[in-house]
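Notes for the one structure printed next.
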Amino acid sequence: MSRKLAFDRILFSIPVALSLFGVVMIYSASAVLSMQRFGSPYHYRGKQVAALVAGFVLMIWAMNFDYRRLRNRAILMGSLMGVAALLMLALLTPSGPVRRWISLGFFSFQPSELAKPILILFLASFLDNRAEEINDWRRTLIPAGIAVGSIAFLIYMQPDLGTAAAICLISGLLLYLAGLNPKILMAGGALGSVGLIVMIFQANYRVQRLMTFLHPSDDPLGAGFQIRQSLLSFGSGGIQGVNLGEGRQKLFFLPEPHTDFIYSVIGEELGLLGTSVVLLVFGLLLWRGVRAALRAPDRFGYLLGMGLTLFLVVQGALNMGMVLGLLPTKGLPLPFVSYGGSSLMVGLLSVGVLLNISQHSN
Amino acid sequence: MWQRGSVPARVTTLVISLGCALAAIQLRLVQIQILRSPGLKVAARSQQETVVTLDPKRGPIYDRNGRELALSVDVDSVYADPSEITDPTLAARKLSAVLGVRFEDLRGRLKSNRRFAWVERKITPAQRKAVEKQRIKGVYFVRESKRFYPKGALASHVLGYAGVDNQGLDGIEYSQEAEVRGKAGYLIALRDGRGHRALGKSERLPTSGKAVVLSVDEVIQHLTERELENTVLEHQARGGTAIVMRPDTGEILALANRPTFDPNAYADYPEAARQNRAIGTIYEPGSTFKIVTAGAALEEKKVSPSTVIYCEHGSIQIGRFTIKEDRLPFDYLSVAEIVEKSSNVGSIKLATMMPASVFYKHITDFGFGQTTGIDLPGEVKGILRPPAQWSGLSHASLAIGQEVGVTPLQSISAMAAVAHDGILRRPWVVAGLVGEDGSLTRPARSADPGRRILSSSTASALTAILEKVVTAGTGKAAAIPGYTVAGKTGTAQKIDESGRYARGRYVASFAGFVPSRNPALAIIVVVDEPHGGFHGGEIAAPAFARIALPALQYLGVMPEDGGVVLNRNTEIQAALKGFESMRTLPRGPFTARPGTAEQPAHFVPLALNEVRQRSARQSEETAEMPDLSGRSLREANFVMAQMGLICKIGGQGPVVGNQDPPPGAEVTAGSACQLVLVEERQ
């Protein structure tokens, strides 16, 4: 066991900066909306601050034990089963057509957010165990497929195709890093794409979103509304932005400006300077995360670190690509910045684990 | 595969791929936030902001004594935000039933993708109530200014009319559009994504138009209209015109036409009724033109008034044509008698004493063949061919007022020049423009001294001849007890479509001035196609007298002989009969002012200063904005109207929830405010 080092201060400051910045932007984006829904401008900001405090505690906690202790069969299987159970519980909770949350009274928890790092943890350990037989169908691929597939299916049923697809994508990338035969990976990717298209066409609203993505100007007030509004926000901001709090697009033009479209609000209020800095910080996260993973003392740490880094950066890139009209809108939050307690806490927890890994580098 | 410290190729690949993805996002950001930013900014603003145009209040039009002839009142208009209307067909059916707008048109407008569509402009309070009762989402009201002519058809051809967008379309409303309209203001309201309006700040307040003070006198206008009406009715005429002008200044005191129209509902009248015949139609002046002929001959010193001319015993040969007298044949007549008795042969002989070019020059000096330049739109030049285009008959025809087309205004201007010592003044109706701040502009026209077209002695000689026309000649019916009238009758056959004289269709006219030696008024009456007679002397001359007498009394012009005692009050009451709006007459005009030889002082000064003070008072007055929250729209509108505030209404609901400016703020009349309606009392 290598000696414990000081944690990566740059990597530590990234989520702290992003989430504090997120609180500011959430307040700006949601004050009017919050007033409208709850009679107080502070509703969303308050909940986000509470989640930030809790998430920070989780992060510190995750930094302060040897991450290799997570490689316990009971923990791995237990958390995987546990999260699957929670996902099913969410599906069984009769609260409208979207069954994404489990209400804990004071706050609603989104098990699909937790599923991402748990699946990564499981895969990192599992794929390390199968290092020599990575291309073995019976020993490796089918079990991994079952684990990933069942979790993704439960999330898809919520329905949240975006998160399900993101989970499959990150799992695929982990398999690739673990040394999977590129042919199998490409075949799987092709199969997944076909499956995605089939699923898209099963749900009418998804077809609409896709069509909107392909031809956004066809219907400026209908399905293309979201992308159109998002682009108007970015465009209004220009280089310098209209100043913090001065944005107008958040006044019911942007759908859910404090969650999925927070980047559009940043674009309008802080301009290209603001959006570029956020993008740069995600680039920084990629660099420090990969650096930490590469310096991990073991292959499990490497895979876990890469997985968590990819999870955060890929999801960030997907969100930014979506709101900029480069990808179909699927409903993924911008890690650390978007409103959402589960996402924030899970993100901070993940970085906590990454920092944990970084402390074991040389 | 994996070794600590080394960088696996797959990690490199993956990191490079992800780096490319992030770079693509950066490029996209540059594209959207720099390259496409200007266009997107415009598009965003257009959905976020509603520019509400604040219509300016059109300036009022006053008569010379400051009485209102045209003013602007606030009325409701209905508009819709089609994006908020869920069922355009149903909404269109409901609204069409209530407002009488064509269902198909309305449905088309309500189905559009735009965020604004007029439903109906300028509705009545009852219609508004009915629309409110329908409770259709997305239908709103806005206060608009509507032109109102309190005296109806009075002076309608001078005033003209303004359209639904308050744009001047004819008359003074048109010619003074730039001054009267005012400057529009705008209010930029912020809007949110659900179409709700947030309060915006007013960027520019509208500037009210200037008030126009006319030279027209409401009382004289009224009695002119009345007598013209009676004359036209009595003779079942096709139409008619009467103009009352002040010879020494050129100002028009009254101008009336028949048929006429009510500018409050101008669209209901045919084009012919709206036409200002006084300046827009031409007729052959006939005998009236003999003044021009005689004046030219006198001015050229070819003859003196007493020169005797042989009148060929009733007919004269011009080339192949023979021209006869209208009635009796004459042998020897003096120049004065030629005009008095309206001898055709004598006039032709006078005209032919001059070369064509000289005669033509005098005709144009009198103002014929060109516009008078009055400040009203639609004036025509008339018909006057230059000598180069004359036929062998033209010189003779012109001498007796044929082959020439003139407007009634040209005729009365020429007559007024004789009255005003031979000086032709340009006629005008706009005495002054008064700004909201009380500033006064007098049009240059009113200060134009005019030009001399006849020597003093010629003018005086013609006046003597014209006096004789009334005392002993064809115009006896124009005589007024106590005053000396000078004037000339005119009777001309109309020309039909084929260019021939139309049998039995005449234009009868009388133009004259009074008192002849110190003229206060020059008046022309033209009657188009009268029945039961056609001579100017019997049709138009009596109307002249019926207009002139009460006008002189109203103006306090003392009878010249001093012997005729008039019960002024009774006469004036008679003159004003049926003129309800005049119950409170100002005292000024009743004070008799004896005129002097140099300057007739029959006229009270124009009420320009009074109007100025009134305007200045209005613009300086500030008031405190009342608290309107919780009040009904009706109540709020009433309060706003009393304070002269321009009100924009947003939101929907029975009571006012929000207002801008806030209660207690200082507001001035004419400024804008906005009220937001809500569902419940707060």
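The values are calculated or read from the model by the stated rules, or taken from the named source; none is laboratory data. Model, not experiment: these values are computed from the prediction. Ideal geometry is used to build each Cβ from the backbone, glycine not excepted, and the neighbour counts take in all protein chains shown. SASA here: full protein model, heavy atoms, side chains in, ligands and nucleic acids out. Shrake-Rupley method; radii C 1.70, N 1.55, O 1.52, S 1.80 Å.
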Self-check item: Partners for B:Lys341 among aspartates and glutamates (Cα-Cα distance below 18 Å; same-chain residues under 8 apart left out)
Solution: B:Glu312, B:Glu325, B:Asp326, B:Asp331, B:Glu467, B:Glu538
Exercise. Please sort B:404-411, B:132-139 by packing, taking for each peptide the average over its residues of neighbouring beta carbons within 10 angstrom, highest first.
Key: B:404-411, B:132-139
Quiz prompt | Karplus 3J(HN,Hα) series, Hz, for region B:526-542 with 6.51 cos²θ - 1.76 cosθ + 1.60 (x for Gly, Pro) | solution = 10, 10, 9, 6, x, 10, x, x, 9, 6, x, x, 9, 9, 8, 4, x
Practice problem: Please list the non-local residues whose amide H lies under 5 Å from the amide H of B:Ile480, H modeled 1.01 Å from N, same-chain partners needing a gap of 5 or more. | Solution: B:Val485
Quiz item: If you plug each phi of region B:14-21 into the Karplus form 6.51 cos²θ - 1.76 cosθ + 1.60 with θ = phi - 60°, what whole-Hz ³J(HN,Hα) values come out, in order, with x for Gly and Pro?
Solution: 5, 5, 5, 4, 5, x, 5, 4
Quiz item: Non-local amide H neighbours of B:Gln674 (under 5 Å, H modeled in plane, Pro and chain starts lacking H): which ones?
Solution: B:Lys648, B:Asp660
Self-check item: Karplus (6.51, -1.76, 1.60) ³J(HN,Hα), θ = phi - 60°, over region B:171-187, in Hz, Gly and Pro reported as x
Solution: x, 4, 4, 8, 5, 9, 3, 4, 8, 7, 4, x, 10, 5, x, 8, 10
Quiz item: How would you rank A:176-186, A:262-272, highest first, on the average number of other Cβ atoms within 10 Å across their residues?
Solution: A:262-272, A:176-186
Exercise. For peptide B:9-22, compute the average count of partner chain beta-carbon atoms within 10 Å of each residue's beta-carbon.
Key: 5
Quiz item: Do the sum for the protein assembly as shown: with -39,500 (n - 2.57) for every DSSP H run of n ≥ 4, divided by all residues, what is the mean residue ellipticity at 222 nm, to the nearest 500 deg cm²/dmol?
Solution: -14500 deg cm²/dmol
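Using the structure shown, select from B:Lys57/B:Lys111; B:Lys94/B:Lys146; B:Lys349/B:Lys488; B:Lys290/B:Lys476; B:Lys381/B:Lys494 the pairs with a Cα to Cα distance greater than 29 angstrom. Show your work: numbers first, answer last.
Details: B:Lys57/B:Lys111 32 Å; B:Lys94/B:Lys146 25 Å; B:Lys349/B:Lys488 19 Å; B:Lys290/B:Lys476 17 Å; B:Lys381/B:Lys494 18 Å.
Checking Cα-Cα distances, B:Lys57/B:Lys111 exceed 29 Å.
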Self-check item: Most mobile of A:Leu76, A:Leu334, A:Leu123 in a GNM of chain A (Cα contacts under 10 Å)
Solution: A:Leu76
Quiz item: Hey, what angle do you get for helix A:43-63 against the long axis of chain A, alpha-carbon based, 0 to 90 degrees rounded to 10?
Solution: 20
Self-check item: Count of Lys pairs (Cα-Cα under 30 Å; at least 8 positions apart or interchain) in chain A
Solution: 9
Quiz item: Looking at the square roots a ≥ b ≥ c of the eigenvalues of the Cα gyration tensor of region B:130-284, which shape do they give, rounded for a/c under 1.5, prolate if a/b is larger than b/c, or oblate?
Solution: prolate
Exercise. Working from Cα positions, state the angle (0 to 90°, nearest 10) between the long axis of helix A:299-323 and the longest principal axis of chain A.
Key: 20
Practice problem: Work out the FRET efficiency for B:Asp437 and B:Ala184 from their Cβ-Cβ distance, taking R0 = 22 Å, and round it to the nearest 0.05. | Solution: 0.75
Practice problem: Pull up the cross-link candidates among the aspartates and glutamates for B:Lys133, meaning alpha carbon to alpha carbon under 20 Å and not fewer than 8 places away within one chain. | Solution: B:Asp76, B:Asp81, B:Glu84, B:Asp87, B:Glu120, B:Glu635, B:Glu679, B:Glu680
Self-check item: Sulfur and carbon atoms: percent of accessible area, chain A [1.4 Å]
Solution: 67
Quiz item: So who's got an amide H within less than 5 Å of the one on B:Glu251, skipping anything under 5 residues away but keeping other chains? H placed 1.01 Å off N, in plane.
Solution: B:Arg246, B:Trp428
Quiz item: To the nearest 10 degrees, how steep is helix A:182-202 against the longest Cα principal axis of chain A, on a 0 to 90 scale?
Solution: 40
Quiz item: If r is the Cβ-Cβ distance from B:Gln127 to B:Ala272 and R0 is 22 Å, what FRET efficiency results, to the nearest 0.05?
Solution: 0.10
Quiz item: How far apart, in nm, are the 7 Å Cα→Cβ label points at A:Val53 and B:Lys361?
Solution: 10.7
